[in-house]
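Report on the following structure.
The values are calculated or read from the model by the stated rules, or taken from the named source; none is laboratory data. Being a predicted model, the structure only gives us computed values, none of them experimental. Here the Cβ is made from the backbone with ideal geometry for all residues, glycine too, and neighbour counts use every protein chain on show. Calculation scope for accessible area: heavy atoms of the full protein, side chains included, ligands and nucleic acids excluded. Shrake-Rupley method; radii C 1.70, N 1.55, O 1.52, S 1.80 Å.
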Amino acid sequence: MKKLALIATAVMTMMAVGCQETLQESLEMTSSEKSVAVEGETSPLSFTASSAWTIASDADWVTFDRTEGEAGDVTVEMTVTANDGYESRTAKVTITMGAKSNVITITQAGRAEFAIETVYNISAEAQTIEFAIESNIDYTYEIGEDAQDWIEAAVDSKAAPVESTLKFDVDENPVSMPREGHVYIEAGDAIYS
């Protein structure tokens, strides 16, 4: 009887060990992508980790209020600084937990504007003047009615490159009176002259 009880105990022990659940590492996130406005932002980044975790970014313009923690439902404050450039940019944020890791791609837009020099004082001789433009949005230009008979576009470039130069031919001023002309550059709702 003792043998039978011993065998039954051994069988029950083996069954109990065989039925135990194996705990697996689990790292759950709601999204693998995030878009951020050009102005930047501080926003919560939430995920669930079944064990200790770390978080890091491959770009110095993405930072966190903490970079490691314990298991549980986690919310980290992620700060993305303003993008002062004209190009959009991308960063990879990696959350690591043991052998598991998940990557979130952060995409931030570039500035949607352009900058130009607007005042030129020129001599009376015929010449070509250049407007240096830095832009990532489409723009148009128009020569004002006050100068259409003596200013003409030398290069017709209206696309939105990052850097461009508009050239205008200015006819000689045959009289001794100064004259003034305008070139209007328009991008979206903004008009510059």
field: Residues that are farther than 15 Å from I122 by Cβ and of a type in the set (G, A, S), drawn from the stretch 177-187
entry: A187
task: Can you tell me which residue among S50, S57, S35 is open to solvent by 70 Å² or more (accessible area, probe 1.4 Å), touching a residue at least 40 places away in the same chain (Cβ under 8 Å), of a type outside the set (A, V, I, L, M, F, W, C) and at negative phi?
output: S35
Residues of the stretch 82-107 satisfying the condition of being aliphatic (A, V, I, L, M) and open to solvent by 50 Å² or more (accessible area, probe 1.4 Å): A99, V103
statement: Wholly inside the stretch 1-58, strands (runs of 3 or more DSSP E) that include 2 or more residues that are of a type in the set (A, V, I, L, M) and modelled with pLDDT under 55 are none
- request: Find all pairs meeting these conditions: Cβ atoms under 8 angstrom apart; at least six residues apart or on different chains; first residue within the stretch 133-148 and open to solvent by 40 Å² or more (accessible area, probe 1.4 Å); second residue outside any strand (DSSP E or B) and at pLDDT 80 or above.
  value: N136/E87; N136/G110; D146/E180; D146/G181; D146/H182
query: Which one is farthest from K100 (Cα to Cα) among residues in the stretch 62-80 that are modelled with pLDDT of 95 or more and open to solvent by less than 30 Å² (accessible area, probe 1.4 Å)?
result: V80
task: Can you tell me which residue within the stretch 116-132, out of those that are open to solvent by less than 70 Å² (accessible area, probe 1.4 Å) and assigned to a strand (DSSP E or B), is modelled with the lowest pLDDT?
output: I116
